[in-house]
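These notes are about the structure you will find just below.
The values are calculated or read from the model by the stated rules, or taken from the named source; none is laboratory data. All values derive from a computational prediction rather than experimental measurement. These accessible areas exclude ligands, DNA and RNA; they are computed on the full protein's heavy atoms, side chains included. Shrake-Rupley method; radii C 1.70, N 1.55, O 1.52, S 1.80 Å.
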Amino acid sequence: MTASAATSLSHNQQVKLIREAYSELVYLNLQDGFKDVAEYLFDKNLTAERQHRKGAPYGIRHGISANDAAKLFTVEHLLEGFANPDKWTVDDILSIRNEVLYAQAYAKRFHKELTEWATKWSSLFLHGPTGDQPIDYAELMKA
């Protein structure tokens, strides 16, 4: 699916694609010692998303669940790390979210294993040359 085709996707179709991309990532079964990479990144993103939502006014309706947002960020951060494995340096640790740095490190370590997966999903989750992002957290939260 191309980025232009994704712009016409419904909210539910976008959530379905997030879940599918994440499921395919889990299926790769990337292991770092005793940790499952997808699960570890998901847990870090879920914690961050829950913390982010704590400050929301009472009764605010979130367009997607915290679990789906964590899956989105897990996929998105790994794809960003895959596309630009040297973007962040150790100096950035003070200003970049921890889960982004971990995703970049894992994307670099498992570059070969992620190649087919990243090729399939990048056009939907990463900003295109004109700045568009077919599956976008901010847009999904509006629904």
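Wrap a convex hull around the Cα atoms of the chain, take a quarter of its surface area, and give that in square nanometres.
For the Cα atoms of the chain, the hull's average projected area reads 9.1 nm².
Residues of the chain: accessible area per residue at 1.4 Å, in Å²? Spell out each step's value before the answer.
Values: 8450 Å² over 143 residues.
About 59 Å² of surface per residue is accessible.
Extent of region 68-116 along its three principal axes (Cα atoms, max minus min coordinate, largest first): 31, 26, 12 Å.
Over the chain, DSSP H runs of length four or greater, each weighted -39,500 (n - 2.57), average out per residue to a 222 nm ellipticity of -20000 deg cm²/dmol. For region 87-143, the Kirkwood radius over C-alpha pairs fed into Stokes-Einstein at 10 °C and 1.306 mPa s yields D = 119 µm² per second.
Across the chain, C-alpha contacts under 8 Å between residues 6 or more apart give a mean separation that, scaled by the residue count, equals a relative contact order of 33 percent. In the chain, the portion of solvent-accessible area held by carbon and sulfur atoms comes to 54 percent [1.4 Å probe, whole percent, DNA, RNA and ligands not counted].
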